[in-house]
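Notes follow once the structure below has been shown.
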Amino acid sequence: MKEVQVNGHQHVSNGNGTVSELEKHTNGTSNGYAGHNGLSNGTNGTTSNGCTSSKKQSVKCTCSKSELENGSDTNNNQGHEKCTFHHDLELDHKPSTREDLLPLMSKSYRMLLSSLGEDPERQGLLKTPERAAKAMLFFTKGYDQSLEEALNGAVFDEDHDEMVVVKDIEMFSMCEHHLVPFYGKVSIGYLPCKKILGLSKLARIVEIFSRRLQVQERLTKQIAVAVTQAVQPAGVAVIIEGVHMCMVMRGVQKINSKTVTSTMLGVFRDDPKTREEFLTLCNNK
């Protein structure tokens, strides 16, 4: 046995070219964790020093069913505190929060300021990259929200079959083409079928889909489909009137222009009288 140098590390050779367990551990093949040469999570392959190992092994969550039933949440790792499947930082599916993106986003904004010829070190801009990153996360917080979370069980059995309209819901969104805001008002109507939705939940549905990178046409349709999924009504109607800063502060610069989009589903599409009633209620001041 003698000591040899491999990639700058000391290892023990048995004289016939076979590397001892010490090197196996250094190469990351021991105990399933990454060593110096790039193998991780029990995954086998070719290491950076040219050593080839056996076929890839699958890695599974080791948490017991009882642990998962007692408040486990894969988004914040509750119930998975001792599970390497959820806590190995090299797993590409490890749940993460959007706040984890702040350092990289801040760095990108800093580069943007430099590209504009500004000095990111001057007093007024020192904290601008971080502020801008946090603002962008807020503007797009809808990516973190789901319909189920917004409804929070506020769907009620009710023998009501007349139109429900909530209008002039304020909306703020970000144009996905230029990353500048557009804003306006949303009016939603639906014809219940034995189920009604908490009125504030209509506004929350607007918030979920508007707080993303959007185009107004898609936003209108997404709101209508979400209401349909929530209460399975006889029909849904959505109208959005928006002002787009990409048309106001750049391009054609038409400051008084407004964009109106609509989506009609079910009886609102099929029955002209139902559609007319909704439009009349929306236009009444």
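Does any residue of region 175-188 turn out to be open to solvent by 30 Å² or more (accessible area, probe 1.4 Å) and touching a Pro at 6+ places or on another chain (Cβ under 6 Å)?
The answer is no; no qualifying residue exists.
Report the residue count in region 268-281 for those that are open to solvent by 20 Å² or more (accessible area, probe 1.4 Å) and under 33 Å from the mean Cα position of the chain (by Cα).
Number of matching residues: 1.
Are there any pairs, at least 6 apart or on different chains, whose C-beta atoms fall under 7 Å, with the first in region 123-142 and open to solvent by less than 30 Å² (accessible area, probe 1.4 Å) and the second small (G, A, S), and if so, which?
If the second residue must be small (G, A, S), the pairs left are P129/S106; A133/S106; G142/S210.
For L197, are the conditions met, namely being farther than 14 Å from M174 by Cα and either among the small types (G, A, S) or open to solvent by less than 20 Å² (accessible area, probe 1.4 Å) (or both)?
Here the answer is yes, as L197 does meet what is asked.
Can you name the number of the only condition in (1) outside any loop (DSSP other than H, G, I, E, B); (2) at pLDDT below 95; (3) open to solvent by 100 Å² or more (accessible area, probe 1.4 Å) that A150 fails?
Result: A150 fails condition (3) only.
Would you confirm whether or not region 210-232 contains a residue that is of a type in the set (D, E) and either open to solvent by less than 30 Å² (accessible area, probe 1.4 Å) or farther than 25 Å from K134 by Cβ (or both)?
For region 210-232, residues of a type in the set (D, E) and either open to solvent by less than 30 Å² (accessible area, probe 1.4 Å) or farther than 25 Å from K134 by Cβ (or both): present.
List the number of the failed condition for I205; all other conditions in (1) under 17 Å from L265 (Cβ atoms); (2) in contact (Cβ under 8 Å) with a residue 60 or more places away in the chain hold.
I205 satisfies every listed condition except (2).
Criterion first (over 28 Å from S187 (Cβ atoms), part of a helix (DSSP H, G or I) and in contact with a helix residue (DSSP H, G or I) (Cβ under 8 Å, 6 or more places away or on another chain)) does R131 satisfy it?
Answer is no for this residue.
Yes or no: region 86-93 includes at least one residue that is modelled with pLDDT of 50 or more, at negative phi, out of contact with any Pro (no Cβ under 7 Å at 6 or more places or on another chain) and open to solvent by 100 Å² or more (accessible area, probe 1.4 Å).
no
The values are calculated or read from the model by the stated rules, or taken from the named source; none is laboratory data. From a predicted model like this one, the values you see are computed outputs, not experimental measurements. Here Cβ is always computed from backbone atoms with ideal geometry, including for glycine, and neighbour counts include all displayed protein chains. Side chains included, ligands, DNA and RNA excluded: accessible areas come from the protein's heavy atoms. Shrake-Rupley method; radii C 1.70, N 1.55, O 1.52, S 1.80 Å.
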